[in-house]
1. If the viscosity is 0.890 mPa s and the temperature 25 °C, what Stokes-Einstein diffusion coefficient in µm²/s follows for the stretch 15-80 when Rh is the Kirkwood radius over Cα pairs?
2. Solvent-accessible area of Ile10, probe 1.4 Å, all protein chains present, reported in Å² to the nearest ten, please.
3. What does the extension gain come out to for Glu6 and Leu55, with contour length at 0.36 nm per residue minus their alpha carbon separation?
4. Multiplying the sequence separation of Arg67 and Gln20 by 0.36 nm and subtracting their Cα-Cα distance, what value in nm do you get?
5. Per-residue accessible area for Glu77 at 1.4 Å probe radius, Å² rounded to 10?
6. Find how much the distance from Ser44 to Asn13 grows on full extension, using 0.36 nm per residue of separation minus their present alpha carbon separation; answer in nm with one decimal.
7. So, for the stretch 1-53, what is the accessible surface per residue at a probe of 1.4 Å, expressed in square angstrom?
Amino acid sequence: FLELYESLGIAPNASTREIQQAFTKLAKLYHPDQLGKKSEKEQSIGQHKFTKILLAFQVLKDPERRRKYDTTGATKEDKKTKKTTGSENGNKGETDV
(Lines give C-alpha, C1' and ligand atoms only; values in the text may rest on other atoms or scores of the structure.)
Protein backbone atom coordinates (compact mmCIF):
# COMPACT_ATOMS: atom_id res chain seq x y z
CA PHE A 1 0.00 0.00 0.00
CA LEU A 2 2.91 2.37 -0.51
CA GLU A 3 1.58 3.92 -3.72
CA LEU A 4 0.13 7.06 -2.09
CA TYR A 5 3.31 7.65 -0.16
CA GLU A 6 5.36 7.15 -3.31
CA SER A 7 3.12 9.59 -5.21
CA LEU A 8 4.15 12.30 -2.74
CA GLY A 9 7.72 11.05 -2.41
CA ILE A 10 7.43 10.57 1.34
CA ALA A 11 8.00 7.78 3.85
CA PRO A 12 5.04 5.91 5.37
CA ASN A 13 5.87 7.47 8.76
CA ALA A 14 5.82 11.05 7.40
CA SER A 15 4.25 13.71 9.60
CA THR A 16 1.22 15.74 8.57
CA ARG A 17 3.54 18.68 7.98
CA GLU A 18 5.77 16.61 5.68
CA ILE A 19 2.69 15.47 3.76
CA GLN A 20 1.56 19.08 3.33
CA GLN A 21 5.03 20.22 2.22
CA ALA A 22 5.40 17.41 -0.31
CA PHE A 23 1.95 18.08 -1.76
CA THR A 24 2.58 21.82 -2.04
CA LYS A 25 5.89 21.27 -3.82
CA LEU A 26 4.41 18.79 -6.32
CA ALA A 27 1.19 20.76 -6.84
CA LYS A 28 3.24 23.74 -7.97
CA LEU A 29 4.78 21.55 -10.67
CA TYR A 30 1.73 19.63 -11.85
CA HIS A 31 -1.26 21.88 -11.21
CA PRO A 32 -3.27 22.30 -14.44
CA ASP A 33 -2.68 26.07 -14.34
CA GLN A 34 1.05 25.39 -14.61
CA LEU A 35 0.69 23.15 -17.65
CA GLY A 36 -0.83 25.65 -20.08
CA LYS A 37 2.25 26.08 -22.27
CA LYS A 38 3.15 22.39 -22.38
CA SER A 39 2.34 19.99 -25.22
CA GLU A 40 -0.91 18.02 -25.08
CA LYS A 41 1.00 14.90 -24.08
CA GLU A 42 2.83 16.72 -21.29
CA GLN A 43 -0.45 18.26 -20.11
CA SER A 44 -2.09 14.85 -20.02
CA ILE A 45 0.80 13.35 -18.05
CA GLY A 46 0.84 16.35 -15.70
CA GLN A 47 -2.91 16.16 -15.09
CA HIS A 48 -2.62 12.45 -14.30
CA LYS A 49 0.22 13.12 -11.85
CA PHE A 50 -1.73 15.97 -10.23
CA THR A 51 -4.76 13.72 -9.78
CA LYS A 52 -2.57 11.10 -8.06
CA ILE A 53 -0.88 13.57 -5.72
CA LEU A 54 -4.21 15.21 -4.88
CA LEU A 55 -5.73 11.85 -3.94
CA ALA A 56 -2.64 10.97 -1.90
CA PHE A 57 -2.83 14.28 -0.07
CA GLN A 58 -6.57 14.02 0.62
CA VAL A 59 -6.21 10.52 2.08
CA LEU A 60 -2.96 10.95 3.99
CA LYS A 61 -3.75 14.32 5.59
CA ASP A 62 -6.83 12.87 7.30
CA PRO A 63 -5.77 10.64 10.22
CA GLU A 64 -8.83 8.38 9.96
CA ARG A 65 -8.56 7.90 6.18
CA ARG A 66 -4.79 7.40 6.48
CA ARG A 67 -5.26 4.69 9.11
CA LYS A 68 -7.82 2.97 6.89
CA TYR A 69 -5.50 3.20 3.88
CA ASP A 70 -2.57 1.84 5.88
CA THR A 71 -4.58 -1.18 7.05
CA THR A 72 -6.78 -1.95 4.03
CA GLY A 73 -5.46 0.02 1.07
CA ALA A 74 -8.83 1.77 0.68
CA THR A 75 -8.66 5.33 -0.60
CA LYS A 76 -12.34 6.25 -0.68
CA GLU A 77 -14.19 7.67 2.28
CA ASP A 78 -17.00 5.44 3.48
CA LYS A 79 -19.90 7.89 3.58
CA LYS A 80 -22.28 5.33 5.10
CA THR A 81 -19.93 4.73 8.02
CA LYS A 82 -19.31 8.44 8.45
CA LYS A 83 -23.04 9.16 8.70
CA THR A 84 -23.73 6.39 11.17
CA THR A 85 -20.84 7.32 13.45
CA GLY A 86 -22.12 10.86 13.85
CA SER A 87 -18.66 12.23 13.17
CA GLU A 88 -20.01 15.36 11.47
CA ASN A 89 -21.56 16.68 14.68
CA GLY A 90 -19.22 15.04 17.13
CA ASN A 91 -21.86 12.97 18.96
CA LYS A 92 -19.86 9.74 18.51
CA GLY A 93 -22.80 7.66 17.32
CA GLU A 94 -25.43 8.78 19.79
CA THR A 95 -28.65 9.90 18.19
CA ASP A 96 -30.73 12.81 19.35
CA VAL A 97 -34.34 11.95 20.17
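The values are calculated or read from the model by the stated rules, or taken from the named source; none is laboratory data. Remember, it's a predicted structure, so these values are computed and weren't measured experimentally. The accessibility values were calculated without ligands, DNA or RNA, using every heavy atom of the protein model including side chains. Shrake-Rupley method; radii C 1.70, N 1.55, O 1.52, S 1.80 Å.
1. 190
2. Accessible area, nearest 10 Å²: 30 Å².
3. Gain on stretching Glu6 to Leu55: 16.4 nm.
4. This chain segment gains 15.2 nm when fully extended.
5. 70
6. 8.1 nm
7. Value for the stretch 1-53: 74 Å² per residue.
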